[in-house]
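Encoded as structure tokens, the structure appears first; notes follow it.
Please treat every number below as a calculation from the coordinates, not as lab data. For clarity, every value in this text was computed on a predicted model and none was experimentally measured. Glycine gets a Cβ as well: all are built from the backbone with ideal geometry, and neighbour counts include every protein chain shown.
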Amino acid sequence: MQSGAVMTETNKETVQNMTATGLRHHGAGDVEAARDAYLKVLELDPRNDHVLDLAGLLCLECGEVEAARDLFDAALEIQPENARYLSHVGTLLLKQGQASEAEEKLRRAIEIDDEYPDAQFFLGLVLRALGRRKEAIAAVEAALEIEPKNVLYATWRGTLAWETGDFGGALEFLENSLQMDQTNLDAMSLLGSVLIDLDDLTMAERCFRTGLEIVPGDPGLRGKLGDVLVRQGRHKEAKEVFVAALETTQEDPELWARFAVHLGSVGDAAAAADAAKRAIELDGNAINVNLSLLDLHNRTGDSASAQSIRTKLRDLDTDDARVLAAIG
């Protein structure tokens, strides 16, 4: 008995140390080291719900969705009323496109602990996916009330403001995000998009160029910079930007759609059609892709194709102010 007790205490200490090691590697982005640490913990303590949940998060971040679900379910079997674990299942369901099921899990998490901010935040993303942006704003604001300095929450609050046509609110939240983290590329990129909609192309260009100083090869920022240059009639510079971006990746649908607009603007109809086709092949249901293609068809006077895109946008999302403006 004494020997068993000593072994138990040793195992407890090992579990604590390996959990801390796994968390450290997880936070540093060292996936393999974190995985090894979590597995060692679970070999010693298979019903460690905390580490089951952490391992599930690691799998989810790596795109191993089924493995993540198994681990989250195992954690919930041990602690069925844990708001964190329920929230993580909700997040996973959202990634799988099961928004209604995700809403159910997240609302249950909030019932258990309405001070858990991630549950409120991810509920907001779920409601956005369901086309209920007003409710989404309320949920994200609830998360921000709990954690007002959370950069991710503030960035998404700015996104929702932009998508609902509240440009002033979008500017406020995105600028606040950048004050908290001057290297926040998502906020910088979105701020540039808001400035485009406000027709402040000079400041939008500055946003994208600042972002490219931080991450010089980012294809998304390059694509948006190219878009601004096209709008300013600087087509030679735009071409250079798009070509450089496409050398980095051929798999970005928004980049191809924006490139198509450039090609259509300089009269290269055949190349524009090819670029548009590639964008649709990659993600024909993306709102930004279809908005860019609508811009292309409007610029080239292709009214039939423009009307087809408007019809598609109407089917995709009528809760987005940008879509409502585009479809008239």
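The HN-Hα couplings worked out from phi for the range 181-189 by the Karplus form 6.51 cos²θ - 1.76 cosθ + 1.60 (θ = phi - 60°) are 8, 5, 9, 6, 5, 4, 5, 5, 5 Hz, whole numbers, x standing for Gly and Pro. The order of Ser193, Ser87, going from fewest to most other C-beta atoms within 10 Å of their C-beta, is Ser193, Ser87. The charge dipole of the range 93-146, taken about the Cα centre with unit charges on the Cβ atoms of Lys, Arg (+1) and Asp, Glu (-1), comes to about 380 debye, rounded to the nearest 20. Note on the chain: GNM, Cα springs under 10 Å; of Leu293, Leu92, Leu282, the largest mean-square fluctuation is that of Leu282.
Would you calculate a helix-derived [θ] at 222 nm for the chain, using -39,500 (n - 2.57) for each DSSP H run of n ≥ 4 and dividing by the full residue count, to the nearest 500?
Numbers: 19 runs with 266 residues, N = 328.
Mean residue ellipticity, 222 nm, calculated: -26000 deg cm²/dmol.
Taking the Cα centre of the range 183-328 as origin and assigning +1 to Lys and Arg Cβ atoms and -1 to Asp and Glu Cβ atoms, the resulting dipole is close to 400 debye. If each Cα of the range 10-107 is one equal point scatterer, what is log10 of I(q)/I(0) from the Debye formula at q = 0.11 Å⁻¹? With no solvent term, the Cα-only Debye profile gives -0.31. Assuming 0.692 mPa s and 37 °C, estimate D for the range 225-270 with Stokes-Einstein, Rh taken as the Kirkwood radius over Cα pairs, in µm²/s. My calculation gives 316 µm²/s for D.
Springs join every pair of Cα atoms under 10 Å in this Gaussian network model of the chain, and among Asp49, Asp30, Asp197 the largest mean-square fluctuation is at Asp30. The charge dipole of the chain, taken about its Cα centre with unit charges on the Cβ atoms of Lys, Arg (+1), Asp and Glu (-1) only, comes to about 1000 debye. Over all Cα atoms in the range 54-138, the spread is summed up by Rg and Dmax: 12.1, 36 Å. Note that the chain shows a convex hull volume over its alpha carbon atoms of 144 Å³ per residue.
If you rank Asp227, Asp199, Asp268 by fewest surrounding Cβ atoms within 10 Å, what's the result? It would help to have the intermediate numbers written out before the result.
Numbers: Asp227 29, Asp199 8, Asp268 14.
Ascending number of Cβ neighbours within 10 Å: Asp199, Asp268, Asp227.
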